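For reference, the structure discussed in these notes is given below.
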Protein chains: 2
Amino acid sequence: MTIQESATTSEGRPQRADARRNHERLLEAARELFEEGADTSMEAIAKRAGVGIGTLYRHFPKRIDVVEAVYRDDVEQVANVAERVVDELEPWEAIDVFLHAFVNYALGKRRFLNELREAFEKNPELKSASRERLDGAVGLVLQTAQRAGVVRDDLTSDEIYGLVGSMCMSALLTTEQCDRLIGLILDGLRVR
Amino acid sequence: MTIQESATTSEGRPQRADARRNHERLLEAARELFEEGADTSMEAIAKRAGVGIGTLYRHFPKRIDVVEAVYRDDVEQVANVAERVVDELEPWEAIDVFLHAFVNYALGKRRFLNELREAFEKNPELKSASRERLDGAVGLVLQTAQRAGVVRDDLTSDEIYGLVGSMCMSALLTTEQCDRLIGLILDGLRVR
DNA sequence: TGCTAAGTGGAGGGAACCTCCGTATAATAG
DNA sequence: CTATTATACGGAGGTTCCCTCCACTTAGCA
């Protein structure tokens, strides 16, 4: 549980701007450090964010709260990409951009998967709610593309999951390898 | 890597009896504490084994070496049970006893799964060799029972894995629940 | 501008991992 | 049976990291 989850304080005041800014910086610092792959200390996150360790603990009372918040944020970003690309892009372009974002999410997730599993055990709702949110995102983009006639009708969200999951099982992929594999997946999705 | 892996010292002397005894006690203490489910410190393992922390570190240079050694030992015990039951018991009784041992192994594994995953990442051969060893054990008992005509011919080792894996996904099972589920599995295996 | 509740930050406590080295002893040769 | 010696033991203490406490700072409002 973090203080960000209430946009107002206990007196009904909106949260301070500097507090919101620090919260965002902490999340971004944590994400970057988790993705760098070395063991990430709380001290390192606070330093990277440019705040004190006490500030970090004010926003995230335990280490596992950081892990959970980063993950929630990542899921939310994927969902936001889904909504944005459906609004703003041609359907084929939408699924292309979305797939890249989804793969980035999945690769990022792998970097702190052990700790994330501990977060799921502690808070099973996190796992189920996130999966539901992602299902909605994948479904939205896929079905929009199918209605537009640019993606085969017989594909399901689970199959998209399966394809992305398979490619993310590989050892660390280079950007080029990612792009190539996504291209292959997209070729498979395309209406012939 | 632990000192137990050579039955002699560098001078060719057999390993000391007290050292072998301490090694076994440390493994047993670690297994018991992992199964009790609370976070297990190295200090607690050494205390439970009745040795000093320096002795523990002489046998297991890092914490992850304890995890790996307990797991290797568990796998070896399952394999030994397979060989013993095939030798000493009637085929139906053999698969019954083996299945109990296999389920106990799988439940025990869950208790330190996060740390075990880290061991697998560090040493992928551990995972593949253990899986191979277990495959051999399951295959031995299953095929012996099939040849004896007491278990259906159409079952594979993978299906045994699947059944045991499913039941071990449950939240903590009581001994009664385990026995009941194993009974159900055995009913499914039985030649009709 | 003053007030105050929210926010900050870093020193320090405590837990756990791991090392170092003085001491103990198992096993062997004579 | 005794002396030797290489192996083994064990616990104090160093280090790292998680987390707390509380004095100090400041954003936002009246």
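The values are calculated or read from the model by the stated rules, or taken from the named source; none is laboratory data. All of these numbers come straight from a predicted model, not from anything done at the bench. Heads up, the Cβs are rebuilt from the backbone with ideal geometry, glycines too, and the neighbour counts pull from every protein chain shown. What goes into the accessible areas is simple: the full protein's heavy atoms, side chains included, and nothing from ligands, DNA or RNA. Shrake-Rupley method; radii C 1.70, N 1.55, O 1.52, S 1.80 Å.
At-a-glance table
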item: For peptides B:145-158, B:92-105, A:27-40, sequence by mean Cβ density within 10 Å, most packed first; result: B:92-105, A:27-40, B:145-158
item: Calculated P(r) of chain B - Cα pairs past 27 Å, %; result: 37 percent
item: The stretch A:47-117 - Debye-derived log10 I(q)/I(0), Cα point model, q = 0.11, 0.20 Å⁻¹; result: -0.39, -0.86
item: Pseudo-label separations to other copies for A:Glu125 - Cα-to-Cβ vector, 7 Å, nm; result: 4.7
item: Local electrostatic count, B:Arg180, Cβ distance below 14 Å [Lys/Arg +1, Asp/Glu -1]; result: -4
item: Mean Kyte hydropathy of -1.0 or more with a Cα span along the axis of at least 30 Å, helices from DSSP in chain A; result: A:63-88, A:91-111, A:124-147
item: Bins of 20 Å from zero: percent of alpha-carbon pairs in the protein assembly as shown; result: 21, 45, 30, 4
item: Violating pairs (Cα-Cα greater than 30 angstrom) within the set A:Lys127/B:Lys62; A:Lys62/B:Lys127; A:Lys47/B:Lys109; A:Lys109/B:Lys127; result: A:Lys127/B:Lys62; A:Lys62/B:Lys127; A:Lys47/B:Lys109
item: Percent carbon-and-sulfur accessible area, the stretch B:69-175, ignoring ligands, DNA and RNA, probe 1.4 Å; result: 50 percent
item: Across the identical copies, how the A:Glu83 labels are spaced - nm, sorted shortest first, 7 Å along Cα→Cβ; result: 6.2
item: Relative contact order (percent, whole number), chain B, Cα cutoff 8 Å, 6+ residue spacing; result: 20 percent
item: Distance in nm between pseudo-label sites at B:His100 and A:Arg152 (7 Å out along the Cβ direction from Cα); result: 5.0 nm
item: Closest Cβ on chain A to the rotation axis that carries it onto B (distance rounded to whole Å); result: A:Asn114, 3
item: Label point 7 Å beyond Cα along the C-beta direction, distances from A:Gly162 to other copies (nm, shortest first); result: 1.4
